[in-house]
Each structure stands twice: as structure tokens, then as C-alpha cells.
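So the structure is just underneath, and the comments pick up after that.
Any read-out appearing in this document is the output of simple, stated calculations on the displayed coordinates, not a laboratory observation. The shown structure was predicted, so the numbers you read here are calculated from the model rather than taken from an experiment. Cβ placement follows ideal geometry from the backbone for every residue including glycine, while neighbour counts extend to all protein chains displayed.
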Amino acid sequence: MIQTKGYATDSPEAKFHPWAFERRDVGPHDILIDIEYAGICHSDIHAAKNEWEAMMPTTYPLVPGHEIVGRVSQVGDAVTKFKVGDVAGIGCFVDSCRECPPCKEGYQQFCQKMAAYTYSGTYMDRVTPTYGGYSDKYVIDENYALKVTSDGDLAGVAPLMCAGITTYSPLRRFGAGPGKNVGIVGLGGLGHMGVKLAAAMGANVTVFSTSPSKEADAKALGAHNFVVTKDPANLESLAGTFDLILDTVSADHDVNMYINLLGVRGTLVVIGVPPNPNVVHSFGLIFGNKSIAGSLIGGIPETQEMLDFCAKHDIKSDVEVIKPDYIETAYDRTVRSDVRYRFVIDMKNA
Ligand code: NAP
Ligand code: ZN
Ligand code: ZN
């Protein structure tokens with residue numbers, strides 16, 4: 001077994017602390033990744049605080065982290081995709097059954113036997129718990145690791161593994177591109193990646209934010225318009241004008257105001273996972289044949305496609321690199337929407 005140093009929390013109220021655990025030895029198809037950076041996704045916070053208890057209760061001790069990048073330090077005998085020294089990434093799952101229709105089609109996140117999520121889950125033996133990227137090493141089957149070809153600093157690459165693919169996938173699925181009006185609700189980790197990616201795809205991008213102070217950043221990230229949502233009057237003239245809106249908000253909020261902004265046959269994609277259900281007014285949807293869709297991360301092929309797109313367009317996340325002793329503060333600041341625009345833990349020097 002491989003001794004691993006991680007940072008864990010033991011209950012919704014507990015604080016993070018250093019925690020030693022073991023990962024499996026490197027098998028024939030496995031690679032060992034020495035983790036350099038792990039992004040802090042708001043899902044880590046929901047999980048640490050057990051805010052999704054009703055649907056996905058958290059298993060403690062919890063080592064979160066599913067935005068992982070590092071260097072390959074060991075490869076199994078049968079590995080072909082990676083060699084020692086390569087940069088590799090890990091996203092939200094680390095294995096799946098490989099046999100069901102979603103797995104075969106490359107949608108491993110929807111494995112009918114349930115994918116092995118990177119943390120707070122189990123491997124496919126359904127016994128061994130998974131621990132995430134707030135740690136110094138990960139052993140993973142090469143088919144579930146991503147190849148990273150971006151140059152330079154890797155801190156900004158880590159968040160692509162969740163925030164990047166989670167926004168890239170629905171932008172592609174719903175045809176974001178030239179001539180399309182795309183709205184991004186919430187300028188946090190996911191939102192700022194959504195802006196960069198939608199702008200790179202050629203769409204006209206509008207940010208809807210509760211934080212007036214983020215306007216200059218939004219424009220620098222590639223947004224063409226910025227709307228402060230605290231005053232509903234700001235939305236009136238935009239009714240019926242959007243083809244696609246991605247809602248990345250992490251807290252309870254009213255989605256009907258965004259449905260109202262969609263044009264005929266427009267789509268609101270729910271990405272954020274607030275703790276409580278939303279109420280949708282039927283009239284708002286039926287007048288205009290509008291749709292509400294959901295989107296969950298992306299499978300391995302599309303995640304690789306997104307990484308290659310980002311390398312080609314020189315897209316990385318805007319990050320604030322922190323040490324593990326800052327995790328609590330980073331969580332508090334993220335919950336207060338005071339993140340510009342992703343906290344990333346330096347695990348290389350932890
Ligand atoms: P984040 O960095 O905290 O960003 C969320 C943003 O939402 C905030 O920056 C803020 O933007 C806005 N916001 C926060 N509270 C709000 C409120 N009360 N009303 C309106 N807007 C509010 O979080 P994230 O990491 O981007 O994650 C966002 C959500 O997506 C989380 O729920 C997370 O669990 C979920 N998620 C889903 C998937 C998926 O596959 N579907 C994947 C990853 C994460 P402004 O300051 O601009 O208003
Ligand atoms: Zn995430
Ligand atoms: Zn499967």
C-alpha cells in the first residue's frame with residue numbers, strides 16, 4: 001500500500017486536519033500521480049457540510065478534492081497512455097463499470113452501477129472508500145486520468161477538471177457559438193470558466209451576478225455584458241432575448257427570473273446544486289416552448305476534448321493558490337462569493 005498524506009474533516013462542524021491514509025499499490029493498468037494542485041469546488045463545501053444529506057450523504061472522514069493535477073511518478077506494466085513525468089489530471093470520478101451503455105458511450109458519470117466518485121464514495125468493489133485530491137498522491141486506472149498538454153503553471157489547470165468540463169459540456173450540447181446569446185448566472189468558479197469558454201466559442205456572453213464589484217473582472221474574462229441581479233428592474237429589458245443560460249448558483253434562489261429571459265425555444269441549464277428544490281412556474285415555460293435542462297460534469301472523452309480546447313485557446317482558471325491551513329478560510333470566503341475565481345491548494349509543498 002502507498003502511504004498518503006491528506007487533509008480530512010470528520011463531521012459537518014469539524015475543522016480540516018492532516019490525516020494519513022493508504023492508497024492501493026500501482027496495478028498493471030494504474031498510474032501514480034504526485035498531486036501538485038487541487039482546486040476547491042463548491043461541491044467540496046456542500047459535501048464537507050453534508051448539505052446534500054437527503055440525496056448524497058457524506059462519508060467521513062472526508063478528503064475532498066476532484067480538481068486534481070499532478071505528475072505521473074509511476075506507471076503499471078500495461079500502461080500505454082502515460083509515462084513517468086507526464087502531467088495528468090483527475091476529475092470527479094476515478095472508475096466505473098465500463099460495460100453499461102453510458103460507460104460504453106463515454107458518459108461514465110452516469111454509469112448504471114454508479115461511478116466511483118473521486119471522494120466520499122467507494123471504488124467499484126463497493127467497499128474501499130475513495131479519498132480526494134486534498135492529498136499528495138492518487139492511484140488511478142490510466143483510462144480514468146486525463147492528459148494535460150497546457151504549458152506553464154499548472155495551478156490554473158486543476159479547476160478545468162470540474163469547473164471547466166461542467167460548463168464546457170452544456171455550452172457544446174446547446175450550441176453556444178457565434179450569433180448566440182449566452183447568459184452565465186453566478187460569477188464563481190464555474191461561472192468564470194463558463195464565461196471564458198463561451199467567449200472562446202464565439203458566443204455573446206452576459207454575466208448575471210449579485211456582486212457589482214465583479215463587473216470589470218467579468219469583462220476581462222470575456223463577457224460582453226454584466227447585469228446586477230439584485231435590482232429586478234435591470235432584467236426587464238432583457239426578457240425573451242437569450243438562447244441559453246447556465247445557472248451556476250450554489251445557494252437557494254428563484255430560477256423563474258432567468259426562464260423569463262429566454263427567447264422562444266431557449267434553454268436554462270441547471271448546474272448549481274443548492275440544498276433545496278426550486279419552484280418553476282408552468283406559464284413561464286410553456287409560453288415560448290422553453291426548456292430546463294440539467295448537466296452533470298462530463299465523461300472522459302468530452303473532458304479530454306475540453307482540456308485540448310483549453311490548451312489550444314490558452315484557457316486556464318483564474319486562481320488564488322493557498323496552503324492547506326487556509327482551507328477553512330477559503331471555504332468561508334467562497335460561501336460569501338469572495339473568490340476570484342477559484343481557490344487552489346498547493347499540494348506540492350504541503
Ligand atoms: P462558487 O465558486 O461558490 O460560485 C457560485 C456563485 O454563485 C457565487 O460566486 C455567486 O456569484 C453566486 N451566488 C452565491 N450565492 C448566491 C445567492 N444566494 N444568490 C444568487 N447568487 C449567488 O461555486 P462553484 O464551485 O462555481 O459551484 C457552483 C454550484 O455548482 C455549486 O452548487 C456546486 O456544487 C455545483 N456544481 C455542479 C456541478 C455539476 O456537474 N452540475 C459540478 C460542479 C459544481 P455572484 O457573486 O456573481 O453572484
Ligand atoms: Zn466540482
Ligand atoms: Zn457503467
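Worth pointing out:
- Taken over the Cα atoms of segment 157-201, the convex hull encloses 60 Å³ per residue.
- Ordering of 174-186, 1-13 by packing [mean C-beta count within 10 Å, highest first]: 174-186, 1-13
- Reachable lysines, given that their alpha-carbon falls under 16 Å from the alpha-carbon of Lys348 and they are not under 8 places away in the same chain: Lys5, Lys137, Lys323
- Full extension of the chain between Lys323 and Val264 gives 16.5 nm of extra length, using 0.36 nm per residue less the Cα-Cα distance.
- Value of Rg to Rh for the chain, rounded to two decimals, is 0.96; Kirkwood radius and Rg both from alpha-carbon coordinates.
- Tensor-based shape of segment 1-135 (alpha-carbon gyration tensor, a/c under 1.5 rounded, otherwise prolate or oblate): oblate
- Highest mean packing comes first when the peptides 147-158, 339-350 are listed by Cβ atoms within 10 Å, giving 339-350, 147-158.
- For the peptides 130-141, 277-288, 90-101, the ranking by packing is 130-141, 90-101, 277-288, with the highest mean count of neighbouring Cβ atoms within 10 Å listed first.
- Whole-angstrom Cα spans of segment 31-76 along principal axes, big to small: 39, 20, 15
- Beta bridge orientation in the chain: antiparallel %, DSSP, nearest 5: 55
- Cα convex hull of segment 235-350 - mean projected area over all directions, nm²: 10.0
- Karplus-derived 3J(HN,Hα), 6.51/-1.76/1.60, for each residue of segment 227-242, Hz, glycine and proline x: 10, 7, 8, 5, 9, x, 4, 5, 9, 4, 6, 9, 4, x, 10, 10
- Computed from point charges on the beta carbon alone (+1 for Lys and Arg, -1 for Asp and Glu), the dipole magnitude for segment 181-254 about its Cα centre is near 300 Debye.
- Spatially proximal lysines relative to Lys214 (Cα-Cα < 24 Å; intrachain offsets below 8 disregarded): Lys180, Lys196, Lys230, Lys316
- Rounded to the nearest whole Hz, the Karplus-based 3J(HN,Hα) values (6.51 cos²θ - 1.76 cosθ + 1.60, θ = phi - 60°) of segment 77-92 follow the sequence 4, 9, 6, 10, 7, 10, 10, 4, x, 5, 8, 9, x, 9, x, 8, with x at glycine and proline.
- Folded to 0 to 90 degrees: helix 163-173 orientation relative to the chain principal axis, Cα: 50
- As a proxy for reagent exposure, Glu67, Glu36 were ordered by neighbouring Cβ count within 10 angstrom, fewest first; the result is Glu36, Glu67.
- In this structure, the amide hydrogen of Phe226, modeled 1.01 Å from its nitrogen in the peptide plane, lies closer than 5 angstrom to those of Val207, counting only residues at least 5 positions away or on a different chain.
- Residue exposure proxy: Phe309, Phe16, ordered by other Cβ atoms within 10 angstrom of their Cβ from fewest to most, comes out as Phe309, Phe16.
- Charge dipole (segment 121-179, unit charges on Cβ, about Cα centre) - positive-most of Ser169, Thr149, Tyr138: Ser169
- Estimated inter-spin distance, Asn256 and Asp346, nm [label 7 Å along Cα→Cβ]: 4.9
- Each Lys and Arg adds +1 at its Cβ and each Asp and Glu adds -1 at its Cβ; summed about the Cα centre, the chain shows a dipole of about 600 debye.
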